[in-house]
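Novice: Have a look at this one before I ask anything.
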Amino acid sequence: FKGGDTCEYLLSSGRFLGEKVWQPHSCMMHKYKNSEAKNCLIDKHVVFIGDSRIRQLFYSFIKLINPQVKEEGIKHGNIPFEDKSASIKVDFLWYPEVNGSMRQRIKSWTEGSVAKPHIIVVGAATWSIKIHNGSNEALAQYKINITSIAPLLEKLAINSDVYWVLQDPVYEDMLSESRKMITNEKIDAYNEAAVRILNSSSRNSKAKVKVFSVSKLIAQETIMKSVDGLHLPESSRDTNAMILMNVYCNKIMKPIDGSCCQPQPSLTLIQKIAFCFFTLSIIGYLIISLIHRNNYRKNKSCTDLESGEEKKPAISTPNVSTLEMLLHCFCKLGLIMTYFYLCDRANLFMKENKFYTHSSFFIPIIYILVLGVFYTENTKETKVLNREQTDEWKGWMQLVILIYHISGASTFLPVYMHIRVLVAAYLFQTGYGHFSYFWIKGDFGVYRVCQVLFRLNFLVVVLCIVMDRPYQFYYFVPLVTVWFMIIYATLAVWPQIVQKKANGNCLWHFGLLLKLICLLTCIYFLSYSQGAFEKIFSFWPLSKCFELNGNVYEWWFRWKLDRYVVFHGMLFAFIYLALQKRQMISEGKGDPLFSNRVSNVLLFISIVSFLTYSIWASSCKNKTECNELHPSVSVVQILAFVLIRNIPGYVRSVYSSFFAWFGKISLELFICQYHIWLAADTKGILVLIPGYPMFNVLVSTFIFVCVAHEISQITNDLAQIVVPKDNSTLLKRLLCIAGFFSGLHFFSAMQDQSRH
C-alpha cells in the first residue's frame, strides 16, 4: 500500500492488456457511453489549447459526446463544438507554440469576471522544435514561456481542472523531411522542462496543474502504427480521451467499474451500527474466553494430598455454550466482514479491469476438470441425483462460473450461453430438491421454511448492511428464495398432496399435476405481462427487497431468464419418484438405470441432444435473441446431462470428492466472489500482489475459498441457534427478527432522507 492518489496513477502509469485495452496502474477505468458523458459534462465548458496533436485529442473527446462528429474543421484554426441538448461547449484553440499569444489567452480567463472554462487541456512543443530546427535557443525560450504561463495555470487550477499534456514520442523513421528535426531526444528535453517548471511552481497541491503524461506510455506502444510518424493512431487518442473523461467524471458519476479518481465512500449510519455491533461481539467473546480460562485454571485437576487421588472438577458448560458460540460466530464474522470492506470499499487494495482471452478461460477449466477426476470415490448410495452427486454437480459448475467471471468471458457469446445453462441447472436442482423433500417428507412446518430461508439469506443480509448494497444486487439469492417460497406455496396450499397420500389413491397424482399446470400457467402469464409482475413486486415491503436503481426491471429480467427451469426440476422429480416407487428403474450398484436396450437408446438421444444444444449455443450471434429462446431450451442440455450421468451404473456409482467439497460451499463461493475475489462488485479483479498476476490469483483464491468455507460453518452454527426446533422459542426468535428488520428499515429511511 503506497497511499497514492489513483488519479495520479491514471494520468501517469499503466499498461496494455492485449492490443487495445488500457489498464491504469492500481485502478479501473470506466468506458463512458455518450449519455453518461453528456450527464457528466452538462452545462460545462471545456477548452483544448495547442497544436495538431491536441486537436486530435479534442476530436476524440467530443466523439464521446457525439459519435457522429466528423473531423472537418480548419486544420490551423479554432474549432468550436456545442451540444445544445446538454448545454456543453467544447472549443479547440489553435496555439501551436507556447508563446506570448498563448499566455495572453490564458491570462484573459484569470482577469475580472470573465467566465472560466471548467476543464482546460494544454500542450505544445513540436512546432517550436520544427520552426527553430531543434535549436537550444528555442528550448531556452520554451522554458521562459512556460515559467511565465505556470502561475496563470495555477490560478485557474483553483476553480478549474487544468491538464498539461506532455509530448508523445515520434516514430523517426516515418517522419517527412520537413519534420526530421523532431527527435525523441528533443521531445524528452521539452517534456522534462515542462514537468520541472510546473511542479516547482505548485504551491498548493489541491490546485496543482495535472500533468497528463500517460499519453507518452500509450504512444510508445502504438506510434509505429502512425500514418506519418507524428500523430497517434485513432485507437490511441481515443484511449487518451477516455482517460481524460475518467479523471473528470468518475468523481461525479461514480461508476461501479471506474475506481480511478473515486473517493472512498463515507460510512453510512447502518454501517457504523454494524461496526459497533461486531466490535462489541469481539470484545464480548474475548471477555468470556478470559473468564472461562481463569475458571479452568482455578478448577484445574489437582492431587488430593490425603488420598493421593486426582480430583476432577465438575464444569457445567451448557449454560454458557450458546452465548459463547453466538459471540464466537459474530467475532469471526466481524473480522471477515472487515476484510470484505477493506477489499472492495476502502481504497486499500488495487483493482484492475478484466481482459478476456480464450486461454485465460479454457486452460483453468481443463486443469480443474482433470484435477476433479483424480479425486474419484465411490458414492454411499447409487440413487439418481444422490447427495454426493448433486454436491459434485454444484461444485464443478461453481468453479466454472468463477473462472467465467474472473476471466471476463461474458464478452464471448458461446461461453455466455453455456454459463446460462449452468445457472439454470442450479435452479433445476432447487426445484428438484425442494419438491422431493416436501413430496417424500410431507413436512410443511415453519421450522423447515425458516431453516432454508436463514441459510440462503444470512450472508446476503449481512453484506447488504456492511457493503451498503441492495438485496437485489445479489440477484441469485433472491431468485432461489422466491422460487423456494413458490414451491412451498404450490405444495402446501389445500389440498396438500404428498407421496404417502398419493400411494393410497392414484387420483392424487392427477391432483398434483393439476397444481403444477396452474403453476406453469401463472409463470407463463407473468413472463409476458411485465406490468403485472412489476405491480406485484412494487408493493411495500417487497419493493425494498427487489428494487435496483429505483425499479424492479432488473429483477423481472433475471426471473424471466430462467422462468421454466424450476418447474422442469419439480416435474422431473415427480416423474422420477413415481417411477422409483413403481420399481420401473434399477438403481443397484453398477446396474444401468433401465434395460440395456432402453438405456442405450436414451443414452444415445441424450448425447445427441447435449451436443446439439452446444452447437446451437456456439452458433449464437445475437445475445437478445438467444436469451429469448434460452428459458425453453436450456432444460434439454440439463436433462441430457442428468441422463448421461445416471443411466450407466458405474458412472452413477462414483463421484468426485474434490468437486463435492466445493459444492457444499457453492452458495458462499458465489456470493463472496463479489467483493473478495473480484472487485468493484464483480466488475474488476482484486489485486493483493501487484505485478505478479498468477501469484496474485493463487493467493486471493486461497483466502477467498477459506473465507467462503468459514462463512458456511458460521451460517450452519448460527442456524442452530437462531432457528430452534421448539415452536414457542422459534416464534419469539421470529418476532426478534421482525424487530431487527423494522429497525433496519427505519435506519435505512433515515439514511435515504439524509442523502436527499
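The values are calculated or read from the model by the stated rules, or taken from the named source; none is laboratory data. Because the structure is a prediction, the values reported are computed rather than measured. Neighbour counts are summed over all protein chains in view; Cβ atoms, including those assigned to glycine, are modelled from backbone coordinates with ideal geometry. Calculation scope for accessible area: heavy atoms of the full protein, side chains included, ligands and nucleic acids excluded. Shrake-Rupley method; radii C 1.70, N 1.55, O 1.52, S 1.80 Å.
Novice: With 571, 593, 643 as the choices, which residue is in contact (Cβ under 8 Å) with a residue 40 or more places away in the chain, buried (at least 18 other Cβ atoms within 10 Å of the Cβ) and part of a loop (DSSP other than H, G, I, E, B)?
Specialist: Exactly one residue qualifies, and that residue is 593.
Novice: Which of the following residues is of a type in the set (A, V, I, L, M), open to solvent by less than 50 Å² (accessible area, probe 1.4 Å) and in a loop (DSSP other than H, G, I, E, B): 385, 402, 333, 348?
Specialist: 385
Novice: Scanning for something hydroxyl-bearing (Ser, Thr, Tyr) and either assigned to a helix (DSSP H, G or I) or under 30 Å from residue 386 (Cβ atoms) (or both), does the range 730-751 turn up at least one residue?
Specialist: Yes, the conditions are met somewhere in the range 730-751.
Novice: Taking the range 649-660 only, how many residues are in contact with a helix residue (DSSP H, G or I) (Cβ under 7 Å, 6 or more places away or on another chain) and not charged (D, E, K, R)?
Specialist: 6
Novice: Applying the selection to the range 547-568, what residues are outside any helix (DSSP H, G or I) and modelled with pLDDT of 95 or more?
Specialist: Result: 562, 563, 564.
Novice: Which one of these is within 39 Å of the chain's Cα centre (by Cα) and open to solvent by 80 Å² or more (accessible area, probe 1.4 Å): 216, 210, 225, 180?
Specialist: Answer to the selection: 225.
Novice: Which one of these does residue 608 not meet: (1) open to solvent by 10 Å² or more (accessible area, probe 1.4 Å); (2) within 29 Å of residue 523 (Cα to Cα); (3) at pLDDT 95 or above; (4) not aromatic (Phe, Trp, Tyr)?
Specialist: The single condition residue 608 does not satisfy is (2).
Novice: Quickly run through the range 35-76 and pick out the residues that are open to solvent by less than 30 Å² (accessible area, probe 1.4 Å) and within 21 Å of residue 228 (Cα to Cα).
Specialist: Residues satisfying the conditions are 50, 51, 52, 53, 54, 57, 58, 59, 60.
Novice: Ok, one more. Working only within the range 1-34, note down all residues that are closer than 27 Å to residue 86 by Cβ and either of a type in the set (Lys, Arg) or open to solvent by 50 Å² or more (accessible area, probe 1.4 Å) (or both).
Specialist: Passing the criteria: 31, 33, 34.
Novice: Restricting to strands (runs of 3 or more DSSP E) lying wholly in the range 55-174: which have 2 or more residues that are among the β-branched types (Val, Ile, Thr) and out of contact with any His (no Cβ under 9 Å at 6 or more places or on another chain)?
Specialist: Correct list: 119-123, 161-165.
Novice: Could you please find all residues in the range 1-23 being in a loop (DSSP other than H, G, I, E, B) and at pLDDT 90 or above?
Specialist: Selection gives 13 alone.
Novice: So which pairs qualify, if the first residue must be in the range 120-145 and over 25 Å from residue 214 (Cα atoms) and modelled with pLDDT of 95 or more, the second must be part of a helix (DSSP H, G or I) and open to solvent by 30 Å² or more (accessible area, probe 1.4 Å), the Cβ gap must be under 7 Å, and the two must be at least 6 apart or on different chains?
Specialist: No pair meets every condition.
Conditions tested, residue by residue: (1) touching a residue at least 24 places away in the same chain (Cβ under 8 Å); (2) of a type outside the set (Asp, Glu); (3) out of contact with any helix residue (DSSP H, G or I) (no Cβ under 8 Å at 6 or more places or on another chain).
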{"position": "57", "(1), (2), (3)": "yes, yes, no"}
{"position": "62", "(1), (2), (3)": "yes, yes, yes"}
{"position": "69", "(1), (2), (3)": "no, yes, no"}
{"position": "74", "(1), (2), (3)": "no, yes, yes"}
{"position": "79", "(1), (2), (3)": "yes, yes, no"}
{"position": "88", "(1), (2), (3)": "yes, yes, no"}
{"position": "94", "(1), (2), (3)": "yes, yes, no"}
{"position": "102", "(1), (2), (3)": "yes, yes, no"}
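Novice: Given the residues 124, 193, which is the only one that is in contact with a Pro (Cβ under 7 Å, 6 or more places away or on another chain) and either surrounded by fewer than 21 Cβ atoms within 10 Å (Cβ to Cβ) or of a type in the set (A, V, I, L, M, F, W, C) (or both)?
Specialist: Matching residue, one of 124, 193: 124.
Novice: Within the range 425-445, identify whether any single residue is part of a helix (DSSP H, G or I), in contact with a helix residue (DSSP H, G or I) (Cβ under 8 Å, 6 or more places away or on another chain), among the aliphatic types (A, V, I, L, M) and under 20 Å from residue 638 (Cβ atoms), and answer yes or no.
Specialist: yes
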